[in-house]
Ligand code: FAD
Ligand code: NAD
């Protein structure tokens, strides 16, 4: 796109960091003809995270829940530049982002990007609370490579266990799959794993399937704490029926290559495991911590502090931050929040463009009457930028055996749903949330395939 608009005003550069829920929602809603839009993300696709827990066991194929950044960018009305790179450093004073290419062929080239406006949407990384041994031994469930790693570990352990005698304690260890964290990620994955054991392995490897054990460890007295109490009880009862070993009030303190050490009250227990999946929530990424460290106003360790217009405290005139990399009371790290923030920011940036155009005429114009008129237009536009208002539509979770729970909010009314019909509702809600028609079809086909042929157990 030309560096200037037809009236001679400069086209400002908008750099967007990340290709997740927040940034892609912004890109899809933005009028990209108004800015030089540059997207920087080490991941060249958008990932539909709500269905990620279904992928390690093969209920959903990984390719069905990704959408390339370039295909999204191509559909935008104006030109969009994409760098497959990660932001390493942000200088909010000089307005420069330092990026490093992730392409191995280029040996990780670094480059400086100058911006007029910056949107930070880099998400978060899994937290371990500094518990020793987690990074070295556990798998997380955040990105595609994590899901692939878990799948390989599960399948390999099952095959390895068949070579050992049933009396061998090593066989029992290999077949104990432990999930730590009873938030929705841990619960949905434990449920998918148990489904795979009951619905598929029971057919192909009946003996092994009886020995396999799924354990879910949660530090608090309940799992799924964001849901209504009745739904929590329903989910916990179902887990008992499904024979998922639920260890509540149990905090993991240490992890080795074969065992986790957990505390329940005063008692300490060693739990041998074959596969360990760690899902205890989010922590800020290094680039986020680096930015926080540079600014006096950024004094929270939970994420970037923003105001009610999603502007970064300390750089309100040029930086916005959205999604999981931020901390703002009442806004939780969910796809729903990040998605709505992206939509909101697209509207703000449209107004900002108009404000910048008026500012340009102000600089060009020396006529006092005209100046006053333009200034009043700018004021009006600024007033039109209202604070971000989150519209919570509810929470959904799959809990296994083709059952789901839902806390649905419609206006002021709240509905609590559970069971098999809710599973159908869960499926249709996620289908409708898929970013593209292609994803929708692929996900629906995956569900259909599994219901006819079962899950594939090859690695
Ligand atoms: P992300 O979607 O994580 O995107 C961050 C982006 O930044 C990625 O593209 C990443 O590659 C990129 N990035 C990372 N580092 C850099 C860097 N240095 N420079 C540039 N780019 C960078 N929420 C719900 O509401 N409903 C659900 O059902 C649900 N299910 C989930 C299931 C799982 C397994 C997980 C892990 C999360 C789930 N969530 C769900 C939460 C939801 O995925 C997050 O809240 C959401 O992804 C946050 O969006 P985001 O854009 O902030 O971050
Ligand atoms: P979470 O923060 O929701 O839950 C983590 C759980 O781990 C907590 O219950 C915590 O008590 C427990 N925990 C922490 N340390 C522990 C320890 N040492 N031992 C045992 N338990 C420990 O994390 P999540 O499930 O990864 O979710 C992250 C975000 O993504 C949340 O905002 C969540 O709402 C969102 N999400 C939503 C959905 C959905 O809506 N279906 C699905 C996945 C994730």
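The values are calculated or read from the model by the stated rules, or taken from the named source; none is laboratory data. Values in this document were obtained by computation on a predicted structure and should not be read as measured data. For neighbour counting, all protein chains shown are included, and Cβ atoms are generated from backbone atoms with ideal geometry for every residue, glycine included.
Which count do you get for residues in segment 185-229 that are over 17 Å from residue 275 (Cα atoms) and under 24 Å from the mean Cα position of the chain (by Cα)?
Looking only at that region, the number is 9.
Counting only residues that are within 16 Å of ligand 1 (Cβ to nearest atom) and free of Cβ contacts under 8 Å to residues at least 24 places away in the same chain, give me the helices (runs of 4 or more DSSP H) lying completely in segment 141-250 with at least 2 of them.
Here the list reads 144-162.
Could you tell me which numbered condition residue 271 fails, if it satisfies all but one of (1) under 30 Å from residue 122 (Cβ atoms); (2) in a strand (DSSP E or B); (3) out of contact with any helix residue (DSSP H, G or I) (no Cβ under 7 Å at 6 or more places or on another chain)?
The one condition residue 271 does not meet is (1).
Would you be able to say whether some residue in segment 439-455 is touching a residue at least 24 places away in the same chain (Cβ under 8 Å), assigned to a helix (DSSP H, G or I), touching a strand residue (DSSP E or B) at 6+ places or on another chain (Cβ under 9 Å) and in the same structural domain as residue 190 (by TED's automatic domain parsing)?
yes
Of the numbered conditions (1) within 16 Å of ligand 1 (Cβ to nearest atom); (2) surrounded by 15 or more Cβ atoms within 10 Å (Cβ to Cβ); (3) free of Cβ contacts under 8 Å to residues at least 40 places away in the same chain, residue 263 satisfies every one except a single condition; which is it?
Here residue 263 clears every test but (1).
Being modelled with pLDDT of 95 or more, assigned by TED's automatic domain parsing to the domain that holds residue 198, closer than 18 Å to residue 192 by Cα and more than 14 Å from ligand 2 (Cβ to nearest atom): is that true of residue 244 here?
Yes; evaluated as a whole, the condition is true for this residue.
Hey, can you tell me all the residues within segment 339-349 that are within 20 Å of the chain's Cα centre (by Cα) and either under 19 Å from residue 95 (Cα atoms) or surrounded by 21 or more Cβ atoms within 10 Å (Cβ to Cβ) (or both)?
Residues satisfying the conditions are 339, 340, 341, 342, 344, 345.
Only strands (runs of 3 or more DSSP E) wholly contained in segment 1-107 count here; list those with 3 or more residues that are more than 16 Å from ligand 2 (Cβ to nearest atom).
13-17, 36-40, 66-68, 80-83, 85-91, 96-101
Contact list please: Cβ distance under 6 Å, first residue in segment 110-125 and without any contact (Cβ under 8 Å) to a residue 40 or more places away in the chain, second residue within 11 Å of ligand 1 (Cβ to nearest atom), pairs at least six apart or on different chains.
The qualifying pairs are 110/100; 111/99; 112/98.
Could you please let me know if residue 136 is within 25 Å of the chain's Cα centre (by Cα), in contact (Cβ under 8 Å) with a residue 24 or more places away in the chain and over 22 Å from residue 287 (Cβ atoms)?
When the stated conditions are applied, residue 136 passes them.
Restricting to segment 296-307, count the residues that are in contact with a strand residue (DSSP E or B) (Cβ under 8 Å, 6 or more places away or on another chain) and either assigned to a loop (DSSP other than H, G, I, E, B) or farther than 20 Å from residue 385 by Cα (or both).
Total meeting the criteria: 8.
Among the residues of segment 330-350, how many are farther than 19 Å from residue 185 by Cβ and either within 16 Å of ligand 2 (Cβ to nearest atom) or in contact (Cβ under 8 Å) with a residue 40 or more places away in the chain (or both)?
Total meeting the criteria: 11.
Out of (1) closer than 30 Å to residue 422 by Cα; (2) free of Cβ contacts under 8 Å to residues at least 40 places away in the same chain; (3) surrounded by fewer than 16 Cβ atoms within 10 Å (Cβ to Cβ), the odd one out for residue 269 is which?
Tallying (1) closer than 30 Å to residue 422 by Cα; (2) free of Cβ contacts under 8 Å to residues at least 40 places away in the same chain; (3) surrounded by fewer than 16 Cβ atoms within 10 Å (Cβ to Cβ), residue 269 fails exactly one: (1).
Hey, can you tell me all the residues within segment 420-438 that are over 16 Å from residue 62 (Cβ atoms) and either touching a helix residue (DSSP H, G or I) at 6+ places or on another chain (Cβ under 8 Å) or without any contact (Cβ under 8 Å) to a residue 12 or more places away in the chain (or both)?
421, 424, 427, 428, 431, 432, 433, 437
Does residue 446 satisfy being out of contact with any helix residue (DSSP H, G or I) (no Cβ under 7 Å at 6 or more places or on another chain) and within 28 Å of residue 157 (Cα to Cα)?
Here the answer is no, as residue 446 does not meet what is asked.
Can we say residue 69 is touching a residue at least 60 places away in the same chain (Cβ under 8 Å), within 30 Å of residue 35 (Cα to Cα) and within 14 Å of ligand 1 (Cβ to nearest atom)?
So residue 69 does not fit the description; no.
Of these, 384, 336, 352, which one is surrounded by 13 or more Cβ atoms within 10 Å (Cβ to Cβ) and more than 18 Å from the chain's Cα centre (by Cα)?
After ruling out the rest, the residue left standing is 352.
Give the residue, chosen from 54, 41, 23, that is surrounded by 21 or more Cβ atoms within 10 Å (Cβ to Cβ) and closer than 22 Å to residue 396 by Cβ.
Going through 54, 41, 23 in turn, just one is surrounded by 21 or more Cβ atoms within 10 Å (Cβ to Cβ) and closer than 22 Å to residue 396 by Cβ: 54.
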